[in-house]
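Here's the structure we're looking at; comments come further down.
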Amino acid sequence: MWYLYLSQLASFLLPILILPYLARVLGQDVLGVYLFAYNWTLILQQIIDFGFYLTASRDVALLNRKANDRELLGKLVSEVIGAKFLLFLSTIPLNLLLFFWGPIREESLLGGALLWALAWVLTPVWFYQGLEKFLHIAVVEATGRLLGLIGVLLFVKNPKDVHLALVIPALIALGINTFAWVAIQQKVQLQRPRISSVLHRLKESQSIFTYRMSVLFFTLYNPWILGLLAPPKEVGLYYIGERVSKSLLQLLDPALRSLFPKAVSTAISSHQELYFQIRKLCRVLLFTFPFFAVLLYIFRMQIIVFFLGHFEKTAEQVLIVFLIVVPFAIVSKVWSTLWLTTLRMDENVRRAFGLGALFNFVLAPVGAFLWGAVGVAQASLLVEVLVAGLIRWYSRQALFVKGEK
């Protein structure tokens with residue numbers, strides 16, 4: 001698991017290191033175009049992943065536990081890559097649409113976005129996660145980010161090089177992912193997938209995809225609606241609290257990624273045992289969270305000054321609201337990943353987060369109009385309470401149903 005924390009640290013720190021450099025060499029206007037293109041690649045990542053990081057990883061763990069069959073693993077890998085490639089093809093019209101009618105008017109930036117999309121088609125992280133090869137994940141992710149950072153520092157020198165800031169890291173990631181699959185192919189027997197099997201894979205992952213897109217929707221929607229209905233300054237004040245809460249929640253990701261294959265294995269022998277293990281884990285996390293919350297509350301003024309250069313009372317209020325959001329987010333994240341997804345109850349996850357996104361769609365504009373950044377933060381809190389409650393209710397229902405079987 002510690003390898004995953006090193007990878008997470010690289011994912012968190014390296015973008016922070018590269019942004020000040022790009023801001024100086026590109027200038028504010030060109031940097032804005034780059035950030036738009038970069039954020040678009042993150043959306044492409046969610047589309048192409050399509051929930052396979054959980055569903056395909058779950059199937060790898062099951063096959064590895066039950067059969068350890070080279071041919072069956074190869075069939076699974078071929079189907080997932082085939083499905084991802086179909087999704088990649090489906091994003092090409094979206095990229096062209098942005099090129100002709102959006103701010104990405106440079107062919108090289110469009111090419112960079114497509115290269116990133118292709119790199120995500122070939123990412124082996126979901127496969128390594130199912131096999132619990134966490135060192136491999138850390139090497140692939142951290143090496144790609146570090147070499148990408150070095151490439152940008154070496155070759156991006158002025159605004160005309162903006163495309164290289166996207167293209168160089170994408171080419172490096174694509175090369176590393178390709179090399180990883182060459183090594184994996186020695187252990188699994190890849191084969192040409194049938195279109196019916198590929199479509200089945202897509203259907204199997206659609207609920208997790210909908211859940212991920214729901215989360216992405218209200219993550220992007222809230223700052224946008226706030227900027228539309230409140231003064232632009234409010235967006236920056238909102239961003240601080242949201243960024244701090246996300247950073248806390250990201251500490252969970254390596255643990256969940258390492259525990260997920262183990263949860264799949266435990267579920268084979270006993271659903272009840274898995275349920276009580278997750279409940280114990282959740283209690284430990286909720287017990288330790290107040291320590292971090294108190295620490296952040298004590299240094300809240302310093303955090304705000306670090307981001308803004310001066311203290312703002314509204315930013316303090318937003319930060320406090322988002323600290324209250326975190327424990328509810330922990331509950332929904334842990335139970336949806338380690339319990340509902342493990343038991344293939346993906347539809348319940350989709351319903352909970354889908355309803356949360358719909359609820360947020362209504363509440364966020366009201367909060368933005370009436371109370372600005374604080375109002376949108378309060379809307380996020382209400383949504384997270386709703387989602388956490390639904391996830392826990394579905395989790396208890398799942399224990400009863402699985403227990404009957």
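Mean-square fluctuations from a GNM of the chain, with a 10 angstrom spring cutoff on Cα atoms, peak among Gly51, Gly111, Gly241 at Gly111.
I need the peptides 155-164, 325-334 ranked by packing, meaning the mean over residues of other C-beta atoms within 10 angstrom, with the highest value on top.
325-334, 155-164
Sequentially through region 128-143, phi angles give Karplus couplings (6.51, -1.76, 1.60; θ = phi - 60°) of 4, 5, x, 8, 6, 9, 6, 5, 4, 4, 4, 5, 4, 6, 5, 4 Hz, Gly and Pro residues having no value and appearing as x.
As a length-normalised measure over Cα pairs under 8 Å and 6 or more apart, the relative contact order of the chain settles at 21 percent. Legend: translational diffusion of region 261-393 by Stokes-Einstein, Rh = Kirkwood radius over C-alpha pairs, 20 °C, 1.002 mPa s; D = 130 µm²/s. Taken along its three principal axes, the alpha carbon spread of the chain comes to 59, 49, 36 Å, from the longest extent down to the shortest. The magnitude of the dipole of the chain, with charges of +1 and -1 set on the Cβ of Lys/Arg and Asp/Glu and taken from the Cα centre, is near 920 debye. A simple spin-label model places pseudo-atoms 7 Å from Cα toward Cβ; at Ser247 and Ser196 they are separated by 5.3 nm. Among 350-358, 34-42, sorting by the average number of other beta carbon atoms lying within 10 angstrom of each residue, highest first, gives 350-358, 34-42. Dipole check for region 205-404: with +1 at the C-beta of Lys and Arg, -1 at the C-beta of Asp and Glu, and the Cα centre as origin, the magnitude is about 420 Debye.
Farthest towards the positive end of the charge dipole of region 205-404, among the residues Cys282, Trp224, Phe299, is the Cα of Cys282, using unit charges on the Cβ of Lys, Arg, Asp and Glu. Each peptide among 184-196, 205-217, 260-272 gets the average number of other Cβ atoms lying within 10 Å of its residues, and from highest to lowest they stand as 205-217, 260-272, 184-196.
Rule-based calculations on the coordinates, nothing more; no lab input. All values reported here derive from a predicted model rather than from experimental measurement. Quick reminder, even Gly has a Cβ in these numbers, built from the backbone with ideal geometry, and neighbours come from all protein chains shown.
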